[in-house]
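> Have a look at this one.
The values are calculated or read from the model by the stated rules, or taken from the named source; none is laboratory data. Just so you know, these numbers come straight off a predicted model, no measurement behind them. With ideal geometry, Cβ positions are generated from the backbone for all residues, glycine too; neighbour counts draw on all protein chains shown.
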Amino acid sequence: MKIKNFDSLSVSPTRHKALLIAEAGLEAIDTTEAIITNVKVRGDNLNIVGRKYSLNQIGRVFVVGVGKCALEAGVALEKILGDHLHGGIIIDVKNGGYLKKLKYFKGTHPLTSEDNVKATREIVNLLNKLNEDDFLIFVISGGGSALLSYPEDFSYKEEVEVFKSLTKAGATIQELNTVRKHMSLARGGFLAKYAYPIQSVGLIFSDVTGDDMGFIASGPTVKDDTTIDAAAAILAKYDIFDTCNIENCGLIETPKENKFFEKINNVVVVSNAIALRAMEKKAKELGLESEIYHDMKGEAGEVGLKIVADLQKSSSKKVLLYGGETTVIIKGNGRGGRNLHLAAAALQKIKSKEIIISLASDGRDNGDFAGAICDIITKDAVKKKDLNISQFLKNNDTYPLFEKVGNYIFTGDTGSNVSDLVIAIKV
């Protein structure tokens, strides 16, 4: 089971159904299974997402993986490619140590670091040394933006401060990644530029609503449609220019020449939509009618209240399924992420025969909880302990709230990352 505390949480029929639906969503986006499904060696052919590449006509095969799915993908690719794999580099946020041919670097997230810069430099050096007849498989997944830190002529610390300011102000993932694409020589198509002219495939694990590959991990293998002026406008919108210690906050332009992207085939292999379809299928098996909402966004607390309102307007035996990513405007100094915040806000209005689960698909909602369950059981536990929900929300301190009542979801690092999932059921 992906949800490690499934049994302890499953204390009512409604909870059991909701947890089964959540589990189905997490299982459907398993990184190892996605790699096994989409990459196969058949005789002298390498089959990747329906395309055949003759192993007799290509040179050495390399893998470069970045993000929260990269380590699991690297392990799977080593097994599948076997002796055909020459080498490569993986950057992830988890403890490694068990890759054989791929060099592993553990980076930091969500804030970048000197470790990330060093690891990114290794990737750039590798790409620049490849031969024209080599073949390259990229694995790009959420978390890659922070990991691919390669500033032009300033310290990574400048980017950290810009990121903190944007996050605190409640900037969207599109705004964040527009800026980040223009603060690193490894995002916004730069990896494709370094790899050119060798033939390559980009296996994209999407954590962005709509699966816009230009914003997934800040699009390191995709031609960037944004501009330095667009990034500057975002910094101006949130009054961040004045906080920078370097000219123009270190913004740079991304590669725009079409030739750099002619030899790479980028394909989304896992997405939020896949998880939602799997949850819809499971809900149907459980006798529930589903409605799917693909574009969940907005301030987490407001979204939580809206989901409750939508749930209370719906008919019985109905499940509302949401995928996307909310934001939290940080006003306090507590602990907790957007899923815990959403669940806590919804908890204020939840009624009997209703349940909401909100969780991060990577298993870490700005801490070691994936998310939380919001229902009358949780609400009664909060009341029994005389806890003030609004105060926890005000202080952005929702982690301790659910820690005290025990109704958090724990998965550990799932090795997957398709942003957030919400299940709302009315029985």
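> Within region 99-129, which residues are among the small types (Gly, Ala, Ser), outside any helix (DSSP H, G or I) and buried (at least 22 other Cβ atoms within 10 Å of the Cβ)? Spell out how you get there, then give the answer.
In the first step, residues of region 99-129 are kept if they are among the small types (Gly, Ala, Ser); the result is 107, 113, 119.
Those left that are additionally outside any helix (DSSP H, G or I): 107, 113.
Listed by number, the list holds a single entry, 107.
> In region 286-331, how many are of a type in the set (Lys, Arg) and assigned to a strand (DSSP E or B)?
From region 286-331, those of a type in the set (Lys, Arg) are 297, 306, 313, 317-318, 331; that's our starting set.
Okay, now just the ones that are also assigned to a strand (DSSP E or B), so 318.
Qualifying residue count, region 286-331: 1.
> Considering only residues that are small (Gly, Ala, Ser) and farther than 10 Å from residue 134 by Cα, look in region 54-68 and name the one that is farthest from the chain's Cα centre (by Cα). Break it down stepwise before answering.
Within region 54-68, the subset small (Gly, Ala, Ser) is 54, 59, 65, 67.
Right, trim to farther than 10 Å from residue 134 by Cα and you get 54, 65, 67.
Values: 54: 33, 65: 14, 67: 8 Å.
Going through the qualifying residues, I end up with 54.
> Something else: Looking at 304, 250, 214, 287, which one is crowded, with 17+ Cβ neighbours inside 10 Å and on the phi > 0 side of the Ramachandran plot? Full working, then the answer.
Working: 304 fails: on the phi > 0 side of the Ramachandran plot; 214 fails: on the phi > 0 side of the Ramachandran plot; 287 fails: crowded, with 17+ Cβ neighbours inside 10 Å.
Sole residue among the options that is crowded, with 17+ Cβ neighbours inside 10 Å and on the phi > 0 side of the Ramachandran plot: 250.
> Restrict the check to region 237-250 and report whether at least one residue is within 22 Å of residue 127 (Cβ to Cβ) and either in a loop (DSSP other than H, G, I, E, B) or over 21 Å from the mean Cα position of the chain (by Cα) (or both). Write out each step before concluding.
So in region 237-250, the residues within 22 Å of residue 127 (Cβ to Cβ) come out as none.
So far as region 237-250 goes, no, none of its residues is within 22 Å of residue 127 (Cβ to Cβ) and either in a loop (DSSP other than H, G, I, E, B) or over 21 Å from the mean Cα position of the chain (by Cα) (or both).
> I need the full set of residues from region 14-36 which are without any contact (Cβ under 8 Å) to a residue 40 or more places away in the chain and either more than 19 Å from residue 413 (Cα to Cα) or surrounded by 20 or more Cβ atoms within 10 Å (Cβ to Cβ) (or both), in order please.
16
> Modelled with pLDDT of 95 or more and in contact with a Leu (Cβ under 9 Å, 6 or more places away or on another chain): is that true of residue 311 in this structure? Spell out the reasoning first.
Numbers: modelled with pLDDT of 95 or more: yes; in contact with a Leu (Cβ under 9 Å, 6 or more places away or on another chain): yes.
Here the answer is yes, as residue 311 does meet what is asked.
> Given the criteria surrounded by fewer than 18 Cβ atoms within 10 Å (Cβ to Cβ), in the same structural domain as residue 110 (by TED's automatic domain parsing) and part of a strand (DSSP E or B), does residue 63 qualify? Please lay out each step first, then the result.
Values: surrounded by fewer than 18 Cβ atoms within 10 Å (Cβ to Cβ): no; in the same structural domain as residue 110 (by TED's automatic domain parsing): yes; part of a strand (DSSP E or B): yes.
Judged against the criteria, residue 63 is not a match.
> Okay, moving on. What about residue 201, is it aliphatic (A, V, I, L, M) and crowded, with 24+ Cβ neighbours inside 10 Å?
Values: aliphatic (A, V, I, L, M): yes; crowded, with 24+ Cβ neighbours inside 10 Å: no.
For residue 201, the condition - aliphatic (A, V, I, L, M) and crowded, with 24+ Cβ neighbours inside 10 Å - is not met.
> Name, by its number, the condition in (1) farther than 26 Å from residue 217 by Cβ; (2) assigned to a loop (DSSP other than H, G, I, E, B) that does not hold for residue 373.
Answer for residue 373: the failing condition is (2).
> Something else: Please pick out the residue among 349, 404 that is more than 18 Å from the chain's Cα centre (by Cα), part of a loop (DSSP other than H, G, I, E, B) and at pLDDT 95 or above. Can you show your working first?
On the way: 404 fails: part of a loop (DSSP other than H, G, I, E, B).
Residue meeting the stated conditions: 349.
> Then there is this: Look at residue 54 and say whether it is at pLDDT 95 or above and over 30 Å from residue 176 (Cβ atoms). Walk me through how you get there before you give the answer.
Values: at pLDDT 95 or above: yes; over 30 Å from residue 176 (Cβ atoms): yes.
Answer is yes for this residue.
> Can you tell me how many residues in region 107-137 are free of Cβ contacts under 8 Å to residues at least 40 places away in the same chain and either touching a Gly at 6+ places or on another chain (Cβ under 6 Å) or among the aromatic types (Phe, Trp, Tyr) (or both)?
Keep residues of region 107-137 that are free of Cβ contacts under 8 Å to residues at least 40 places away in the same chain, which gives 108, 115, 117-119, 121-122, 125, 129.
Add one more test, that the residue is either touching a Gly at 6+ places or on another chain (Cβ under 6 Å) or among the aromatic types (Phe, Trp, Tyr) (or both), and what stays is 115, 119.
So the answer is 2.
> When only residues in region 313-323 that are more than 20 Å from residue 393 (Cβ to Cβ) and not charged (D, E, K, R) count, which is surrounded by the most Cβ atoms within 10 Å (Cβ to Cβ)?
Looking only at region 313-323, we keep the residues that are more than 20 Å from residue 393 (Cβ to Cβ), and these are 313-321, 323.
So of that shortlist, the ones also not charged (D, E, K, R) come out as 314-316, 319-321, 323.
Details: 314: 17, 315: 7, 316: 10, 319: 26, 320: 19, 321: 24, 323: 24.
Looking at the filtered set, the residue picked out is 319.
> Would you mind stating whether residue 19 is farther than 26 Å from residue 368 by Cα and touching a Phe, Trp or Tyr at 6+ places or on another chain (Cβ under 6 Å)? Break it down stepwise before answering.
Numbers: farther than 26 Å from residue 368 by Cα: no; touching a Phe, Trp or Tyr at 6+ places or on another chain (Cβ under 6 Å): yes.
The answer is no for residue 19.
> Of (1) closer than 28 Å to residue 215 by Cβ; (2) in a loop (DSSP other than H, G, I, E, B); (3) assigned by TED's automatic domain parsing to the domain that holds residue 319; (4) not acidic (Asp, Glu), residue 96 satisfies all except one. Which?
The number of the failed condition is (3).
> If you check 356, 329, 292, which single one turns out to be in contact with a strand residue (DSSP E or B) (Cβ under 9 Å, 6 or more places away or on another chain), crowded, with 16+ Cβ neighbours inside 10 Å and outside the structural domain of residue 109 (by TED's automatic domain parsing)? Steps first, answer last, please.
On the way: 329 fails: crowded, with 16+ Cβ neighbours inside 10 Å; 292 fails: crowded, with 16+ Cβ neighbours inside 10 Å.
Exactly one of 356, 329, 292 is in contact with a strand residue (DSSP E or B) (Cβ under 9 Å, 6 or more places away or on another chain), crowded, with 16+ Cβ neighbours inside 10 Å and outside the structural domain of residue 109 (by TED's automatic domain parsing), namely 356.
This table checks each residue for (1) touching a strand residue (DSSP E or B) at 6+ places or on another chain (Cβ under 6 Å); (2) closer than 28 Å to residue 53 by Cβ; (3) hydroxyl-bearing (Ser, Thr, Tyr); (4) at pLDDT 95 or above.
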{"site": "189", "(1), (2), (3), (4)": "no, yes, no, yes"}
{"site": "195", "(1), (2), (3), (4)": "yes, yes, no, yes"}
{"site": "203", "(1), (2), (3), (4)": "yes, yes, no, yes"}
{"site": "209", "(1), (2), (3), (4)": "yes, no, yes, no"}
{"site": "224", "(1), (2), (3), (4)": "no, yes, no, yes"}
{"site": "229", "(1), (2), (3), (4)": "no, no, no, yes"}
{"site": "241", "(1), (2), (3), (4)": "no, no, no, no"}
{"site": "245", "(1), (2), (3), (4)": "no, no, no, no"}
